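Below: one structure, written as structure tokens.
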Amino acid sequence: MNHWKKISLSTVLVLFVLLMSIKYIFNISISIPSSNIEFSHGDTVSKVNSEYNGKKPKNIIVFIADGMGFGHLSLALQTQQSKKAPSVWQEFDTKGWHDARSIYGPLTDSEASATAIATGTSTNFGHIGIDKDQNPLENIFEIASSHHYNTGIVTDSYIWDGTPAAFAAHIRNEDDARSILEQMAESELDLLFGELEDVGEGDVPEKDETIEILQKRFQLLERSMELPKGAKSTTPVAIIFEEDEIQDLNSSPNLLQLTKTALTYMSSQDNPFILLVESEEMDAASHNNDSKRVLNGLKSIQEALSLVLNFSKQNGETLVVFTSDHETGGLAAVSDFDNYPKMQIKWSTKDHTAAVVPLFAIGPGAEYFVNVHRNWEIGICLKKLITNDVLDE
Ligand SMILES: [Zn+2]
């Protein structure tokens with residue numbers, strides 16, 4: 001009797017603990033601190049297995065895949081790896097992550113995160129090239145221009161979108177396309193490739209007016225993307241395509257073609273260069289939980305990245321930093337039990353998440369990105385590499 005009493009007592013206890021843990025698991029709530037946790041940039045620069053250790057880059061390519069998290073990367077690795085060759089992702093010298101955030105905490109948008117990357121300062125949602133109090137922040141393109149670099153932007157999104165704008169403008173209103181375009185035309189930018197969007201709506205100028213603004217600085221190229229020759233070969237250039245014309249590898253133009261033309265232009269100039277390549281596909285597709293578009297977009301990113309990495313390897317003086325500004329969609333590849341071992345793509349939101357995002361680097365200077373914890377630390381590293389300030393040894 002006692003024996004059974006003991007069993008039933010322990011059973012009750014076990015059941016109680018189980019119930020409590022189930023209750024705990026299903027009611028779990030994490031309070032996210034609203035303040036910005038300060039992480040100091042590491043005091044030491046880790047050595048990576050690279051022939052470039054200790055060398056500073058001549059050129060820098062910053063590749064931002066907007067909205068791409070480790071779920072998207074996992075999908076690329078699991079579905080698009082060739083059995084014959086290592087994937088482009090495995091070729092980087094350093095592979096890590098950063099915590100993309102705004103000044104108020106772990107969630108961010110493209111404007112705030114791209115501003116952090118472009119300026120080294122954390123800021124608020126929707127703020128482009130300005131701090132939380134709306135003071136302008138000097139960006140890495142401005143610093144680079146004053147150090148005799150050429151600067152350029154390639155995007156498969158519209159040219160005044162948050163990410164490119166953070167590298168060339170200082171403005172509170174992300175929808176004020178006219179002011180962003182005017183600031184781009186007044187900047188020292190040497191190259192600007194991308195699309196139009198919402199022409200004629202709100203503060204977005206019509207196509208003719210957009211061209212008029214851009215022509216104050218840039219020579220507008222034809223669809224063929226033929227670059228100016230001879231005496232005009234150093235003229236700043238721009239190409240604008242229609243809304244949503246640049247999509248994936250099935251579209252022409254595509255990000256690969258634009259990046260190829262941009263690299264031809266930038267490497268033909270006498271100066272060192274810093275180039276931003278942005279793909280908006282992961283963010284745009286993930287906001288709609290469009291899995292097919294994500295898979296196509298990943299191919300486009302991989303091809304453009306492959307081109308950039310080959311350029312870096314052949315050139316030997318070019319640092320490539322690949323990252324994202326935040327994750328979108330909370331994407332995961334999960335088991336499809338009805339069609340095992342096939343996978344299903346699942347989404348947890350149509351919005352941005354607080355997930356950490358990839359930060360990879362290759363080429364001279366790659367080791368400086370090993371110690372990055374926060375998005376704004378990327379900007380600090382880039383600034384130091386451009387100005388040749390001594391980084392922590
Ligand atoms: Zn977004």
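The values are calculated or read from the model by the stated rules, or taken from the named source; none is laboratory data. Not measured: the values here are computed from a predicted model. All Cβ positions, even for glycine, are placed from backbone atoms using ideal geometry, and neighbour counts span all protein chains on display. We work out accessible area using only protein heavy atoms, side chains counted, and drop any ligands, DNA or RNA first. Shrake-Rupley method; radii C 1.70, N 1.55, O 1.52, S 1.80 Å.
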Considering Cα pairs under 8 angstrom that are at least six residues apart, work out the relative contact order of the chain and quote it in whole percent.
29
Run down the lysines and flag those whose C-alpha is under 16 Å from the C-alpha of K383, throwing out any fewer than 8 positions away in its chain.
K55, K56, K58
What is the gain in length, in nm to one decimal, between A231 and K216 on full extension, counting 0.36 nm per residue of separation less the C-alpha to C-alpha distance?
3.5 nm
Can you give me the distance in nm between label points at E242 and E206, each placed 7 Å from the Cα along the Cα-to-Cβ direction?
1.7
Counting only heavy atoms of protein chains, what accessible area per residue, in Å², does region 58-387 have with a probe of 1.4 Å?
38
Can you bin region 58-387 into rounded, prolate or oblate? Criterion: square roots of the alpha carbon gyration tensor eigenvalues sorted a ≥ b ≥ c, rounded for a/c under 1.5, prolate for a/b above b/c, oblate for the rest.
rounded
Expected vector for region 88-105, Karplus 3J(HN,Hα) from phi with 6.51, -1.76, 1.60 and θ = phi - 60°, integer Hz, x for Gly and Pro, equals 4, 5, 7, 7, 5, 6, 10, 9, x, 8, 9, 8, 6, 8, 9, 5, 8, x
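Sorting check: for 163-172, 258-267, 348-357, which peptide has the highest mean count of neighbouring beta carbons within 10 Å, and how do the rest follow? Write out the running numbers ahead of the final one.
Working: 163-172: 25.7, 258-267: 20.8, 348-357: 17.5.
Put in order of decreasing packing, that is 163-172, 258-267, 348-357.
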Amide H to amide H, which residues 5 or more places from E327 or on other chains are under 5 Å from it, using H placed in the peptide plane?
T353, A355
Sorted by chain and then number, the residues having a modelled amide H within less than 5 Å of the amide H of F63, at least 5 places away or on another chain, are V277, V321, F322, T323
Can you work out ³J(HN,Hα) from phi for every residue in region 146-154, in order, using Karplus 6.51 cos²θ - 1.76 cosθ + 1.60 and θ = phi - 60°, giving whole Hz and x for Gly and Pro?
6, 9, 6, 9, 8, 10, x, 10, 10
Quote the accessible area belonging to Y368 in square angstrom, nearest 10, computed with a 1.4 Å probe and with ligands, DNA and RNA left uncounted.
10
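Run the numbers for N135 and N310: contour at 0.36 nm per residue of separation, minus the present Cα-Cα distance, in nm.
Result for the pair: 59.1 nm of gain on full extension.
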Keeping all protein chains in the complex and leaving out DNA, RNA and ligands, what accessible area do you get for K216 with a 1.4 Å probe, in Å² to the nearest 10?
150
Placing unit charges on C-beta atoms (Lys and Arg positive, Asp and Glu negative, everything else neutral), compute the dipole magnitude of the chain about its Cα centre in debye, rounded to 20.
2180
Tell me the carbon and sulfur percent of the accessible area for region 58-387, rounded to whole percent, probe radius 1.4 Å.
45
Which of the peptides 282-288, 59-65 is most tightly packed, and how do the rest follow, going by the mean number of other Cβ atoms within 10 Å of each residue?
59-65, 282-288
Go through 359-367, 103-111 and give me the packing order, highest mean Cβ count within 10 Å leading.
359-367, 103-111
Estimated FRET transfer efficiency when R0 is 56 angstrom, pair S252-F337 (beta carbons, to 0.05)
0.90
Cut-off 10 angstrom, C-alpha nodes, Gaussian network model of the chain. Which of D203, D338, D190 fluctuates the most?
D338
